[in-house]
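S.K.: For reference, the structure I am asking about is given below.
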Amino acid sequence: MLDPVAWRDVRQEVSTGTLPGWDRVEEIVRDAHSRYSEERGGRVADYIPVLAEVDPELFGLAVIEVGGGLHDAGDALHPFSIQSISKMFVYALAIQEYGHERVRQIVGVNNTGLAFNSVMALELNSGHPMNPMVNAVAIATTALMPGATAVEQWERVREGLSAFAGRPLSLDGVVYASEAETNDRNRAIGRLLRSYDRLAGDPDEVVDVYTRQCALSVTAHDLAVMGATLADGGVNPVTGERVVSEEVCRDTLSVVASTGLYERSGDWLFEIGLPAKSGVAGGIVAVAPGKGAAAGFSPRLDEAGNSVRSQMAIGYLSRALGLNLFASAPARSHHPESVPSSAP
Ligand code: GLN
């Protein structure tokens, strides 16, 4: 369970529309890193064999501002596999390609309330996937990528995610091989989608592209750049390249806000108030529209598969930087005697 005790003593700054100055953001990112450096809660994922071998002490944080300001702390440049965080960006590419309505019809926008690898999520809806951030729907979304062959679809995914990151991303071949050998469950989901006529193409090939997309190697810094592109109306704030449209950012972030941390998405939004996406290798990226993105990497996970330490550190950043989308204070001009109050 996400415990607000992790940052209860941090004053809830309200959203101002802009971030504090660069120096102040830098200081807050360093504080967030040192504050949770002793945190040891959670367990490293082991259902993908190679992930169990990672050093659980790794801990990186990064914040990228839409104005281009960069802040890294700890192991922010340590590579790890993007895993489920890829779902958010492939979903954005699918909306860019097919538009809001078509993607909504094909993959739905609602939370399932079920685990990321749930088969029931599919069965309960007669094969109509509901939540683009769980595996079944993510696999169906990957199947939408343009390309005449699985190889071309994979290239489209890799290029698209690289544009978000502002550098060419490459496959972690060891993670890919480890997951490809053990992903019977995802292959079963692929077959089930096919049986419901929800998947064009060969299900094993689509699952293979999905497995590759999950094994793309990124750093916390990359994730923050990728998130900041969604915070910046689709323009990468580091390279200046337009990657997706403003509408795609809005659609993607609204879906991610209610689904990005699986069955803990409600807890997350209640405590932290930002759209965010997690992956089982320990990454999380949270997006503050119009301001920037914060990313964490730390391999120990909670029961739902979300990095414990990344959640804590991003919770701190959300409070201290005034990122919570739901935090406000009375406008003083309307209520001269009221002053912003600190959160309980
Ligand atoms: N590749 C992983 C899987 O499909 C991704 C899961 C995750 O990051 N939650 O099981």
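S.K.: Using beta carbons and a limit of 7 Å, which pairs, at least six apart or on different chains, have the first residue in segment 85-101 and closer than 20 Å to Ser307 by Cβ and the second one more than 12 Å from the ligand (Cβ to nearest atom) and not β-branched (Val, Ile, Thr)?
M.R.: Correct list of pairs: Ile85/Leu223; Ser86/Leu161; Lys87/Pro132; Phe89/Gly160; Phe89/Leu161; Phe89/Phe164; Phe89/Met226.
S.K.: If a residue has to be β-branched (Val, Ile, Thr) and over 27 Å from Glu123 (Cα atoms) to count, how many in segment 191-238 make the cut? Full working, then the answer.
M.R.: Looking only at segment 191-238, we keep the residues that are β-branched (Val, Ile, Thr), and these are 206-207, 209, 211, 218-219, 225, 229, 235, 238.
After this cut, where a residue has to be over 27 Å from Glu123 (Cα atoms) as well, the list is 218-219, 225, 229, 235, 238.
Total meeting the criteria: 6.
Yes/no matrix, rows are residues, columns are (1) touching a residue at least 40 places away in the same chain (Cβ under 8 Å); (2) among the hydrophobic types (A, V, I, L, M, F, W, C); (3) within 14 Å of Pro20 (Cβ to Cβ):
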| position | (1), (2), (3) |
| --- | --- |
| Ala286 | yes, yes, no |
| Lys291 | yes, no, yes |
| Phe297 | yes, yes, no |
| Arg300 | yes, no, no |
| Asn306 | yes, no, no |
| Arg309 | yes, no, no |
| Ala313 | yes, yes, no |
| Ala320 | yes, yes, yes |
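S.K.: Among the residues of segment 1-48, which ones are without any contact (Cβ under 8 Å) to a residue 24 or more places away in the chain and more than 18 Å from Met312 (Cα to Cα)?
M.R.: Once the filter is applied, which keeps residues that are without any contact (Cβ under 8 Å) to a residue 24 or more places away in the chain and more than 18 Å from Met312 (Cα to Cα), segment 1-48 yields Gly21, Asp23, Arg24, Asp46.
S.K.: If you don't mind, another one. Just wondering, is there one or more residues in segment 151-174 that are closer than 16 Å to Ile48 by Cβ and more than 19 Å from the chain's Cα centre (by Cα)?
M.R.: Scanning segment 151-174, I find at least one residue that is closer than 16 Å to Ile48 by Cβ and more than 19 Å from the chain's Cα centre (by Cα), so the answer is yes.
S.K.: How many of the residues in segment 191-218 are in contact with an Asp or Glu (Cβ under 8 Å, 6 or more places away or on another chain), more than 10 Å from the ligand (Cβ to nearest atom) and at pLDDT 95 or above?
M.R.: The qualifying residues number 2.
S.K.: Which residues, taken from segment 250-288, are surrounded by fewer than 24 Cβ atoms within 10 Å (Cβ to Cβ) and away from the ligand (no atom under 16 Å from the Cβ)?
M.R.: Arg250, Asp251, Leu253, Ser254, Ala257, Ser258, Gly266, Asp267, Leu269, Phe270, Glu271, Gly273
S.K.: Out of the residues in segment 289-300 meeting the condition of being within 16 Å of the ligand (Cβ to nearest atom) and assigned to a strand (DSSP E or B), tell me which one is nearest to Ala45 (Cα to Cα).
M.R.: By that ranking, first place goes to Arg300.
S.K.: Mind checking whether some residue in segment 145-166 is closer than 14 Å to Ser86 by Cβ, within 16 Å of the ligand (Cβ to nearest atom) and modelled with pLDDT under 95?
M.R.: The answer is no, given that none of the residues of segment 145-166 is closer than 14 Å to Ser86 by Cβ, within 16 Å of the ligand (Cβ to nearest atom) and modelled with pLDDT under 95.
S.K.: Out of segment 198-232, which residues are under 17 Å from the mean Cα position of the chain (by Cα) and assigned to a loop (DSSP other than H, G, I, E, B)?
M.R.: Ala215, Thr219, Asp232
S.K.: Thr229: in contact with a Cys (Cβ under 9 Å, 6 or more places away or on another chain), away from the ligand (no atom under 12 Å from the Cβ) and in contact (Cβ under 8 Å) with a residue 40 or more places away in the chain, yes or no?
M.R.: It is true that Thr229 is in contact with a Cys (Cβ under 9 Å, 6 or more places away or on another chain), away from the ligand (no atom under 12 Å from the Cβ) and in contact (Cβ under 8 Å) with a residue 40 or more places away in the chain.
Rundown of residues vs (1) among the basic types (Lys, Arg); (2) not in a loop (DSSP other than H, G, I, E, B), yes/no style:
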{"residue": "Val10", "(1), (2)": "no, no"}
{"residue": "Gly17", "(1), (2)": "no, no"}
{"residue": "His33", "(1), (2)": "no, yes"}
{"residue": "Ser37", "(1), (2)": "no, no"}
{"residue": "Arg40", "(1), (2)": "yes, no"}
{"residue": "His78", "(1), (2)": "no, no"}
{"residue": "Gln83", "(1), (2)": "no, no"}
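S.K.: Could you check how many residues of segment 74-106 are within 16 Å of the ligand (Cβ to nearest atom) and out of contact with any strand residue (DSSP E or B) (no Cβ under 9 Å at 6 or more places or on another chain)?
M.R.: Within segment 74-106, residues that are within 16 Å of the ligand (Cβ to nearest atom) and out of contact with any strand residue (DSSP E or B) (no Cβ under 9 Å at 6 or more places or on another chain) number 2.
The values are calculated or read from the model by the stated rules, or taken from the named source; none is laboratory data. Note that the structure is a prediction, hence the values are computed from the model and not measured. Note that each Cβ is placed from the backbone with ideal geometry, even for glycine, and that neighbours are counted across all protein chains shown.
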